[in-house]
């Protein structure tokens, strides 16, 4: 497929699948168990229908005000660990695109490029996402690095209390510590462009941890096993609130009571997410939990990810209470398919779909979205997996 022929994110996904090794695609696209959670996120968003309004005129405004900064689009790049596995240099491509397009890019603790290098590349776009370690001194060191790099927004992920079982990666024998095997070698040989680029840049690793293992990348897997924390508690949120001077976001919220408690403990925003279906296969679709969380936290910002594959999904999330929607896989598919041009293509597709959708439903400003633009809102903030037509109250 030529990049000009790619009309949507799914086109980029299919191009990525053809271009990179199977183990890499499975790691990036797959989820917990047999991927039912990934499919549930997508189908729940697809089942939502709009309730368009006619006779709306004026220019489309997609800007979002968040944490004292104005972003050009209601689109952010989610944190993605080991993104360079998709295509060498992917982390930097994401940072560059975010800086250029004036949208946030969340650096993962598990990124395959250092915090400092990414923040230098995108000084106005980078946030930092923290996976808390067992050793609080190391957590403090990571926070200090982020702050020293000029990062203002901290995102703490709370939905990884244990390592998930991802059957696809298990079948591909792609687990840490990774061991090369004949099927892996054959897979790489079948994808020479990926292999040559990776050979030039080196196999991706968790670069933000390397300095804590004496610079030896081979020790990172053992370090991670030793530092596994086994969950994040409210004491941890209070500690982070004391240490971090900028906006604090709690990511991985699916429960309204947890959302309310996070705000009470000092969070400036909550992030509704089920980790893209990568942690718990039988977790509810994140979009079904969004309305109740929005109601629980009042006017506080609510961020959203999990299942976003197009601009209509972003507008649906906005209508149900998201201040901004984030996507992880979409730009990664673009990078895997066409490198930096693919990341730009993915963003352009999403942005154009957002603008078109807002115009089609008669909402000129993303900030003016409300549940009235969704055909079938259900009481108590929960929605069925398949939509049933309902008449919107006049």
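The values are calculated or read from the model by the stated rules, or taken from the named source; none is laboratory data. This one's a predicted model, so the numbers in the text were calculated from it and none came from an experiment. In this analysis, Cβ positions are derived from the backbone assuming ideal geometry, glycine residues included, and neighbour counts consider all displayed protein chains.
Figures for the structure shown
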read-out: Any hit, the stretch 311-319, residues being out of contact with any strand residue (DSSP E or B) (no Cβ under 7 Å at 6 or more places or on another chain), more than 21 Å from residue 103 (Cα to Cα) and assigned to a helix (DSSP H, G or I); value: no
read-out: Filtered residue count, the stretch 144-166, keeping only those that are in contact with a strand residue (DSSP E or B) (Cβ under 9 Å, 6 or more places away or on another chain) and assigned to a loop (DSSP other than H, G, I, E, B); value: 10
read-out: Selected residue (only one of 118, 45, 133 is in contact with a helix residue (DSSP H, G or I) (Cβ under 6 Å, 6 or more places away or on another chain), under 19 Å from residue 340 (Cβ atoms) and either part of a helix (DSSP H, G or I) or in contact (Cβ under 8 Å) with a residue 40 or more places away in the chain (or both)); value: 118
read-out: Verdict on residue 47 being crowded, with 17+ Cβ neighbours inside 10 Å and more than 16 Å from the chain's Cα centre (by Cα); value: yes
read-out: Selection within the stretch 172-194 - in a helix (DSSP H, G or I) and without any contact (Cβ under 8 Å) to a residue 60 or more places away in the chain; value: 182, 183, 185, 186, 189, 192
read-out: Selected residue (criterion: surrounded by the fewest Cβ atoms within 10 Å (Cβ to Cβ)) from residues of the stretch 225-253 that are at pLDDT below 90 and closer than 15 Å to residue 138 by Cα; value: 225
read-out: The stretch 53-68: number of residues that are in contact with a helix residue (DSSP H, G or I) (Cβ under 8 Å, 6 or more places away or on another chain) and more than 10 Å from residue 363 (Cα to Cα); value: 4
read-out: Any chance residue 297 is surrounded by fewer than 24 Cβ atoms within 10 Å (Cβ to Cβ), under 24 Å from residue 373 (Cβ atoms), in contact with a helix residue (DSSP H, G or I) (Cβ under 8 Å, 6 or more places away or on another chain) and modelled with pLDDT of 95 or more; value: yes
read-out: Number of positions in the stretch 202-237 that are part of a helix (DSSP H, G or I) and under 24 Å from the mean Cα position of the chain (by Cα); value: 12
read-out: Residue within the stretch 92-105 that is assigned to a helix (DSSP H, G or I) and under 13 Å from the mean Cα position of the chain (by Cα) present; value: yes
read-out: Residues of the stretch 171-187 classified as surrounded by fewer than 18 Cβ atoms within 10 Å (Cβ to Cβ) and touching a helix residue (DSSP H, G or I) at 6+ places or on another chain (Cβ under 6 Å), total; value: 2
read-out: Residue count, the stretch 69-87 (criterion: within 16 Å of residue 101 (Cβ to Cβ), in contact with a helix residue (DSSP H, G or I) (Cβ under 7 Å, 6 or more places away or on another chain) and outside any loop (DSSP other than H, G, I, E, B)); value: 2
read-out: Looking only at the stretch 143-170, and only at residues there that are surrounded by fewer than 13 Cβ atoms within 10 Å (Cβ to Cβ) and without any contact (Cβ under 8 Å) to a residue 40 or more places away in the chain, the one that is nearest to residue 127 (Cα to Cα); value: 150
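Residue-by-condition table, conditions (1) surrounded by 24 or more Cβ atoms within 10 Å (Cβ to Cβ); (2) within 24 Å of residue 366 (Cα to Cα); (3) more than 12 Å from the chain's Cα centre (by Cα):
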residue: 72; (1), (2), (3): no, yes, yes
residue: 80; (1), (2), (3): yes, no, no
residue: 83; (1), (2), (3): yes, no, no
residue: 90; (1), (2), (3): yes, no, yes
residue: 113; (1), (2), (3): no, no, yes
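One line per residue, one yes/no per condition, for (1) in contact with a strand residue (DSSP E or B) (Cβ under 8 Å, 6 or more places away or on another chain); (2) under 23 Å from residue 8 (Cβ atoms); (3) touching a residue at least 12 places away in the same chain (Cβ under 8 Å); (4) surrounded by fewer than 21 Cβ atoms within 10 Å (Cβ to Cβ):
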{"position": "276", "(1), (2), (3), (4)": "no, yes, yes, no"}
{"position": "280", "(1), (2), (3), (4)": "no, no, yes, yes"}
{"position": "289", "(1), (2), (3), (4)": "yes, no, yes, no"}
{"position": "307", "(1), (2), (3), (4)": "no, yes, yes, no"}
{"position": "322", "(1), (2), (3), (4)": "yes, yes, yes, no"}
{"position": "330", "(1), (2), (3), (4)": "no, yes, yes, no"}
{"position": "352", "(1), (2), (3), (4)": "no, yes, yes, yes"}
{"position": "356", "(1), (2), (3), (4)": "no, yes, yes, yes"}
{"position": "370", "(1), (2), (3), (4)": "no, no, yes, yes"}
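Condition check ((1) out of contact with any strand residue (DSSP E or B) (no Cβ under 9 Å at 6 or more places or on another chain); (2) at pLDDT below 95; (3) under 23 Å from residue 191 (Cα atoms)) across all residues:
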| position | (1), (2), (3) |
| --- | --- |
| 13 | yes, no, yes |
| 19 | yes, no, yes |
| 34 | yes, no, no |
| 39 | yes, no, no |
| 45 | yes, no, no |
| 74 | no, no, no |
